[in-house]
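**Student:** Would you mind keeping the following structure in view while I ask a few things?
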Amino acid sequence: MSGTINPFGNDIIKVETEWCGRTLSLEVGRVGFRTSGSVIVRYGETVILGTAMVGSKPISGMDYFPLSIDYEEKMYAAGKVSGSRFIKREGRPSDDSILIGRIIDRPIRPLFPKGYRQEVQGVATVLSMDPSFRPDMVAMVAMSAALMLSGAPFDGPVAGLRIGINKDGKPEAFMSAEELDTNILDLVVAGKAGAIMMVEAGANEATEEQVVEALRYAESAMLPAIKLQEELVAKVGVEKREYVLLLPNEDIQKEVDAWVDGKLGDNVRKPYPERNDLLATLRADFHAAIEDKLGDDYAGLRQEYDEAFTQALHKDVRKGIISDGVRPDGRKLDEIRQLSSEVGLLPRAHGSSLFTRGMTQGLNVVTLAPLSYVQLVDTMEREGERRYLHHYNAPGYTVGEVKRLGSPGRREIGHGYLAERALAAVLPSEEEFPYMIRSVTEIMSQNGSTSMAATCSSCLALLDAGVPLKAAVSGIAMGLMIEGDTPYVLSDIADAEDFAGDMDFKVTGTSKGITALQMDMKVHGLPVEVLAEALAKGKIGRAHILEHMLSTISAPNDMSPYAPRVESIKINPDKIREVIGKGGEMIQRITAETGTEIDIKDDGIVMIASPDKAKIDAAIQWIKGITEDPEVGKIYVDRPVVSVMDFGAFVQIMPGKMA
């Protein structure tokens, strides 16, 4: 550790504190000399490098904040080399690293001022990984600290905790991955001092009370990591960067507000899509009027006027909800849009469903396969198999746009994973249902919370495919608007309320409890009491949607005739070698002659798959013939005579066994 040279002649600055049972340290000045801000964070044997780069000037013509946050897994951090035969260098980020990058991004992005258009890049790189806990929340601290050191207008610091429920029934942070996999709750909470910014969870029917207790625990347990970052910034003496905000011109905003006065409110509070059509016409009329007024100057100012028009719409949405208790489409605050659903609409699919809520619609298709088709996982943190996959697709036409098709982005991966976690808790075990399951949601139309439509349609399609779920799962997206100290909680939000609101909160679960959560703030944090109210109202909304779903299908259907049939037998593990044969010769012969697929587990469970029951039976008999031992007194009939001797005959009663 000694002998590091700092080319700037500055001392290495290090601060540390106790945090959730281990020492957390932040160190500046050892590496990353040309970054806007860099820090090495140590916690146990985990070491994370956080770096931040800030652009020198705003990017003109951009209508969003160009922030990118990446989480880099390095196989060497876990003392591993990739198990791939051909690729040893880290390449495309794993789904896990993309999801963690999103988790770190979500509490950070709202803490930059509106109108900030300078490019900001943050990278959290795992250099060493302590296997006794997951490194993602240490990476969040590293990313927050690097941004604080950069001098950018970041209203942090933030910290995060991943929380489970221990054997005493109490919340606990930094559990091992194995403990979280079997826990009733796997909850990520991020926030700043006194306020929660982001929540994400997978759960095994946890109650709302258990989630709220974990939120309260996290709110106080995060403070040491937040205060340590503040101490580091003070010691370093960070100078704030100058910046310019690209905000709508106040005079333009006043002009737009005056033009729309009397044209919004009740005039456009109509069900979707009628509301969308009215607003599209109004926007076109607005631009035509401004163009007539400005003439040649209009082209250069069109974007500013359009953004100001959008802001006027957002203000009208908030005014209707806060002043009149009426939402943009005329609904009450707790009213859910019209629901419809059906199953079995695709004849060759193993399971299919179409779930519609207002203008949001998800088509889900389930495909079953033998367990030999499971996805192999080989990442820095994990090695294993994924038996259940949920994939989510939402092309441009679903929002009425022309958009080139491509590989799934971070949003698609995140939405798919949320719906996957929602159903994971209710899937049958391999012993109960020995299949690999792939569920694909094709979004048909978007107008708010497609991930919850994906959850509902996936549940329906799984039941249609004959998957014996432990319980049905529904999902709902809740919204929030804060006026002063008064929260206005909205059930089943649509796009207009999402864009104008202060929180987007998705919750899924069964009639017994929660299976997944995702909560993002657009304000600078909220107290636990407000989140508890949203959870309580979300429970009511989930129950309403679940009642509708169960009216469509309430129990697993018979399996499709096109789905593979899988049966299993148990053999002596010592006989596995005989079934496989030298160089796999025997198992290849069995599968070729019977037309089946065979998967053998180390514990002696043999699974045989084929759409034809007769072929499965033939393979089972063959395997039994190889592995069974002759029984004294048992009668074997129709067995070939191998040879005849003076004293009698040799009969092959089983392959390789004669009597």
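**Student:** Return the pair list, or none, for Cβ contacts closer than 8 Å from residues in segment 398-410 that are farther than 17 Å from ILE98 by Cα to residues that are of a type outside the set (S, T, N, Q) and in a loop (DSSP other than H, G, I, E, B), at least 6 apart or on different chains.
**Tutor:** From residues that are farther than 17 Å from ILE98 by Cα, the pairs are LYS403/PRO395; LEU405/PRO395.
**Student:** Would a scan of segment 475-488 turn up a residue that is polar (S, T, N, Q) and assigned to a helix (DSSP H, G or I)? Give the steps one after another, and end with the answer.
**Tutor:** Pass one, segment 475-488, residues polar (S, T, N, Q): 486.
Applying the additional criterion that residues be assigned to a helix (DSSP H, G or I) yields none.
Taking every residue of segment 475-488 in turn, none turns out to be polar (S, T, N, Q) and assigned to a helix (DSSP H, G or I).
**Student:** Still on this structure: Could you give every pair whose Cβ atoms fall below 9 Å, whose first residue belongs to segment 230-244 and is farther than 16 Å from ASP155 by Cβ and in contact (Cβ under 8 Å) with a residue 40 or more places away in the chain, and whose second residue is part of a helix (DSSP H, G or I) and of a type in the set (Ser, Thr, Tyr), counting only separations of at least 6 or pairs across chains?
**Tutor:** Every condition considered, no pair remains.
**Student:** Sort through SER511, SER568, SER551, SER560 and tell me the only one that's assigned to a helix (DSSP H, G or I) and among the hydroxyl-bearing types (Ser, Thr, Tyr).
**Tutor:** SER551
**Student:** Same structure, new question: Check ASP105, ASP96 and return the single one that is of a type in the set (Asp, Glu), out of contact with any strand residue (DSSP E or B) (no Cβ under 8 Å at 6 or more places or on another chain) and either over 30 Å from GLU242 (Cβ atoms) or free of Cβ contacts under 8 Å to residues at least 40 places away in the same chain (or both).
**Tutor:** Going through ASP105, ASP96 in turn, the sole match is ASP96.
**Student:** Please go through segment 602-615 and pick out each residue that is buried (at least 17 other Cβ atoms within 10 Å of the Cβ), hydrophobic (A, V, I, L, M, F, W, C) and more than 14 Å from ILE587 (Cα to Cα).
**Tutor:** If the condition is that a residue be buried (at least 17 other Cβ atoms within 10 Å of the Cβ), hydrophobic (A, V, I, L, M, F, W, C) and more than 14 Å from ILE587 (Cα to Cα), then ILE605 is the only one that fits.
**Student:** Among the residues of segment 208-215, are any in contact (Cβ under 8 Å) with a residue 24 or more places away in the chain, of a type in the set (S, T, N, Q) and either closer than 28 Å to LEU469 by Cα or in contact with an Asp or Glu (Cβ under 8 Å, 6 or more places away or on another chain) (or both)?
**Tutor:** Scanning segment 208-215, I find at least one residue that is in contact (Cβ under 8 Å) with a residue 24 or more places away in the chain, of a type in the set (S, T, N, Q) and either closer than 28 Å to LEU469 by Cα or in contact with an Asp or Glu (Cβ under 8 Å, 6 or more places away or on another chain) (or both), so the answer is yes.
**Student:** Now a separate question. For segment 240-250, indicate whether the set of residues that are under 20 Å from THR281 (Cα atoms), surrounded by fewer than 18 Cβ atoms within 10 Å (Cβ to Cβ) and acidic (Asp, Glu) is non-empty.
**Tutor:** There is no residue in segment 240-250 that is under 20 Å from THR281 (Cα atoms), surrounded by fewer than 18 Cβ atoms within 10 Å (Cβ to Cβ) and acidic (Asp, Glu).
**Student:** Among the residues of segment 421-440, how many are buried (at least 23 other Cβ atoms within 10 Å of the Cβ) and under 13 Å from the mean Cα position of the chain (by Cα)?
**Tutor:** 2
**Student:** In segment 304-354, what residues are within 30 Å of GLU291 (Cα to Cα) and among the β-branched types (Val, Ile, Thr)?
**Tutor:** Once the filter is applied, which keeps residues that are within 30 Å of GLU291 (Cα to Cα) and among the β-branched types (Val, Ile, Thr), segment 304-354 yields THR310, VAL317.
**Student:** Same structure, new question: Over 30 Å from ILE608 (Cα atoms), surrounded by fewer than 16 Cβ atoms within 10 Å (Cβ to Cβ) and not polar (S, T, N, Q): which single residue out of GLY406, GLY414 fits that description?
**Tutor:** Every option except GLY406 fails the conditions.
**Student:** Something else now. Does GLU497 satisfy being at pLDDT below 95, assigned to a helix (DSSP H, G or I) and closer than 29 Å to GLU442 by Cβ? Spell out the reasoning first.
**Tutor:** Numbers: at pLDDT below 95: yes; assigned to a helix (DSSP H, G or I): yes; closer than 29 Å to GLU442 by Cβ: yes.
Spelling it out, GLU497 is indeed at pLDDT below 95, assigned to a helix (DSSP H, G or I) and closer than 29 Å to GLU442 by Cβ.
**Student:** Within segment 591-601, is even one residue of a type outside the set (D, E, K, R), free of Cβ contacts under 8 Å to residues at least 60 places away in the same chain and exposed (fewer than 12 other Cβ atoms within 10 Å of the Cβ)?
**Tutor:** The answer is yes, given that some residue of segment 591-601 is of a type outside the set (D, E, K, R), free of Cβ contacts under 8 Å to residues at least 60 places away in the same chain and exposed (fewer than 12 other Cβ atoms within 10 Å of the Cβ).
**Student:** Using beta carbons and a limit of 6 Å, which pairs, at least six apart or on different chains, have the first residue in segment 254-266 and closer than 19 Å to VAL326 by Cα and the second one of a type outside the set (Gly, Ala, Ser) and assigned to a helix (DSSP H, G or I)?
**Tutor:** LEU264/ASP316
**Student:** Further question: Which residue out of THR510, THR450 is closer than 24 Å to SER352 by Cβ, touching a Gly at 6+ places or on another chain (Cβ under 7 Å) and among the polar types (S, T, N, Q)?
**Tutor:** Values: THR510 fails: touching a Gly at 6+ places or on another chain (Cβ under 7 Å).
The unique qualifying residue is THR450.
**Student:** Is there any pair with a first residue in segment 432-445 that is within 11 Å of SER353 (Cα to Cα) and a second that is among the aromatic types (Phe, Trp, Tyr) whose Cβ atoms are under 6 Å apart and which are 6 or more apart or on different chains, and what are they?
**Tutor:** So the pair list comes out as THR441/TYR392.
**Student:** Give the residues of segment 516-566 that are under 22 Å from the mean Cα position of the chain (by Cα) and without any contact (Cβ under 8 Å) to a residue 60 or more places away in the chain, sorted by residue number.
**Tutor:** Of everything in segment 516-566, just one residue is under 22 Å from the mean Cα position of the chain (by Cα) and without any contact (Cβ under 8 Å) to a residue 60 or more places away in the chain, namely ALA534.
**Student:** Under 8 Å by Cβ, and 6 or more places apart or on different chains, what pairs join a residue from segment 74-87 that is within 17 Å of ILE48 (Cβ to Cβ) with one that is among the small types (Gly, Ala, Ser) and modelled with pLDDT of 85 or more?
**Tutor:** Taking only residues 6 or more apart or on different chains, the pairs are MET75/SER82; ALA77/SER128.
**Student:** Of everything in segment 50-65 that's surrounded by fewer than 22 Cβ atoms within 10 Å (Cβ to Cβ) and among the aliphatic types (A, V, I, L, M), which residue is nearest to SER176 (Cα to Cα)?
**Tutor:** In this case the residue turns out to be MET53.
**Student:** Based on what the data block shows, is ALA145 crowded, with 24+ Cβ neighbours inside 10 Å, farther than 19 Å from LEU180 by Cβ and among the small types (Gly, Ala, Ser)?
**Tutor:** Details: crowded, with 24+ Cβ neighbours inside 10 Å: yes; farther than 19 Å from LEU180 by Cβ: yes; among the small types (Gly, Ala, Ser): yes.
Against the criterion (crowded, with 24+ Cβ neighbours inside 10 Å, farther than 19 Å from LEU180 by Cβ and among the small types (Gly, Ala, Ser)), ALA145 qualifies.
**Student:** Turning to a different aspect of this structure: If we scan segment 448-469, do we find a residue that is closer than 26 Å to TYR397 by Cβ and surrounded by fewer than 24 Cβ atoms within 10 Å (Cβ to Cβ)?
**Tutor:** yes
**Student:** Could you say which residue among SER38, SER68 is within 29 Å of the chain's Cα centre (by Cα), surrounded by fewer than 19 Cβ atoms within 10 Å (Cβ to Cβ) and under 17 Å from THR125 (Cβ atoms)?
**Tutor:** SER68
**Student:** Can you tell me which residue in segment 590-610 is nearest to the chain's Cα centre (by Cα), limited to those that are among the hydroxyl-bearing types (Ser, Thr, Tyr) and not in a strand (DSSP E or B)?
**Tutor:** THR596
Residues checked against (1) modelled with pLDDT under 95; (2) under 30 Å from MET478 (Cα atoms):
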| site | (1), (2) |
| --- | --- |
| GLY362 | no, yes |
| LEU368 | no, no |
| THR379 | yes, no |
| TYR392 | no, yes |
| ARG411 | yes, yes |
| GLU420 | no, yes |
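**Student:** Please work out which residue is nearest to ILE540 (Cα to Cα), limiting yourself to segment 368-388 and to residues that are crowded, with 17+ Cβ neighbours inside 10 Å and more than 21 Å from the chain's Cα centre (by Cα).
**Tutor:** Filtering first and then ranking leaves LEU368.
The values are calculated or read from the model by the stated rules, or taken from the named source; none is laboratory data. As the structure is a prediction and not an experimental result, all values here were calculated from the model. Glycine gets a Cβ as well: all are built from the backbone with ideal geometry, and neighbour counts include every protein chain shown.
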